[in-house]
Amino acid sequence: MEIYRLPALSDNYIFLLHDQNQKIGAVVDPAEVRPVLEKLDLLGAELVSIFNTHHHPDHVGANQQLIQKFPQLKVYGGIEDRGRIPGQQVFLQEGDRVQFADRVAEVLFVPGHTIGHIAYYFPSVALGETGELFCGDTLFAGGCGHLFEGTPAQMLESLSKLRNLPNNTRVWCAHEYTLKNLQFAMTVDKQNVDLQSRFAEVKAARRRNEATVPSMIGVEKRTNPFLRWEQPALQLAVQSQDPVQTFARLRGKKDKF
Ligand code: ZN
Ligand code: FE
């Protein structure tokens, strides 16, 4: 399975999964039609699936037009998003499995950003190879999604689930927010040397106009403040030792950053 990252709108990424042998593709969170059709055309592939993580327009915006173009395709989304995802045919919950070509993804229920949010996790198929996590707006490189519908406790549980994935899991999050996220991270965890060097790398990458997605779970665990609620430095920064309160206060600070 090859994965292509297609920039869309102002800072979204659409991910196109491609199987060379079967000449089929699947998209995760198609915000726009044009980049998807262009890439499929180049690859000579037919679109068979849309994997949606949640119902926001910048994630489902192209569903309807893609269905028109490929009437056979299947639209996947979370069961709690019933009625909110255009064309949805498959209603997924925690532990369900979905297939693309020869790969199987596990569905993780990760509410918080929205109450119906899910993630798709393709475990690594061979030693030394990466797993692939498509997590929408739940976990970002260096940050996490805004709590539009869920509670801090829900988001903490969702992020715990993602944090438990193997370190060599690539994190394909749906927005290029990394630089701003790390700027915030530096205000609450500035003694963290891993964070300092990541911040420098990301600044340089963005100056060269390079994407910073995908990230890796191992890197996120060491540098993302929203996965580090047990760390004394972060607890000190928000004056709490309670995990949910620490997380909630960090999220609150980020909202005002
Ligand atoms: Zn969203
Ligand atoms: Fe989004």
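Couple of notes before you dig in:
- From the list ALA200, ALA211, ALA185, the lone residue that is part of a helix (DSSP H, G or I) and surrounded by fewer than 22 Cβ atoms within 10 Å (Cβ to Cβ) is ALA200.
- Among (1) within 16 Å of ligand 1 (Cβ to nearest atom); (2) in contact (Cβ under 8 Å) with a residue 60 or more places away in the chain; (3) in contact with a helix residue (DSSP H, G or I) (Cβ under 9 Å, 6 or more places away or on another chain); (4) part of a strand (DSSP E or B), the one test that PRO7 misses: (1)
- Some residue of the stretch 133-151 being open to solvent by less than 10 Å² (accessible area, probe 1.4 Å), on the phi > 0 side of the Ramachandran plot and within 16 Å of ligand 2 (Cβ to nearest atom): yes
- Verdict on ARG222 being closer than 23 Å to TYR13 by Cβ and open to solvent by 80 Å² or more (accessible area, probe 1.4 Å): yes
- Hits in the stretch 225-257 (condition: in a loop (DSSP other than H, G, I, E, B) and surrounded by 14 or more Cβ atoms within 10 Å (Cβ to Cβ)): ARG228, TRP229, GLN231, SER240
- Positions within the stretch 59-79 being within 16 Å of ligand 2 (Cβ to nearest atom) and open to solvent by 40 Å² or more (accessible area, probe 1.4 Å), in sequence order: GLY61
- Close pairs from the stretch 237-257: first of a type in the set (Phe, Trp, Tyr), partner open to solvent by 30 Å² or more (accessible area, probe 1.4 Å), Cβ under 9 Å, at least 6 apart: PHE247/PRO152; PHE247/ALA153; PHE257/LYS180; PHE257/GLN183; PHE257/THR187
- In the stretch 35-47, the residue that is farthest from ligand 1 (Cβ to nearest atom) out of those that are open to solvent by 10 Å² or more (accessible area, probe 1.4 Å) and under 21 Å from the mean Cα position of the chain (by Cα) is LYS39.
- Conditions (1) of a type in the set (A, V, I, L, M); (2) open to solvent by 10 Å² or more (accessible area, probe 1.4 Å); (3) in contact (Cβ under 8 Å) with a residue 24 or more places away in the chain; number of the one not met by ILE50: (2)
- Sole residue being closer than 23 Å to LEU162 by Cα, within 16 Å of ligand 2 (Cβ to nearest atom) and aliphatic (A, V, I, L, M), chosen from VAL98, VAL90, VAL28, VAL104: VAL28
- Which listed residue, of ASP102, ASP11, is of a type in the set (D, E, K, R) and over 18 Å from the mean Cα position of the chain (by Cα): ASP102
- If you go through the stretch 194-203 and keep only what is hydrophobic (A, V, I, L, M, F, W, C) and within 15 Å of GLU176 (Cβ to Cβ), you end up with just VAL202.
- For LEU17, the requirement of being within 21 Å of the chain's Cα centre (by Cα) and either outside any loop (DSSP other than H, G, I, E, B) or touching a residue at least 40 places away in the same chain (Cβ under 8 Å) (or both) is met.
- If only residues of the stretch 13-34 that are more than 18 Å from ASP102 (Cα to Cα) and surrounded by fewer than 21 Cβ atoms within 10 Å (Cβ to Cβ) are counted, the one that is farthest from ligand 1 (Cβ to nearest atom) is ARG34.
The values are calculated or read from the model by the stated rules, or taken from the named source; none is laboratory data. Small disclaimer: the values here were computed from a predicted structure and weren't measured. Because the Cβ atoms are built from the backbone with ideal geometry, glycine has one as well, and the counts that use them run over all protein chains shown. Just the protein is used for accessible areas: all its heavy atoms, side chains included, with ligands, DNA and RNA removed. Shrake-Rupley method; radii C 1.70, N 1.55, O 1.52, S 1.80 Å.
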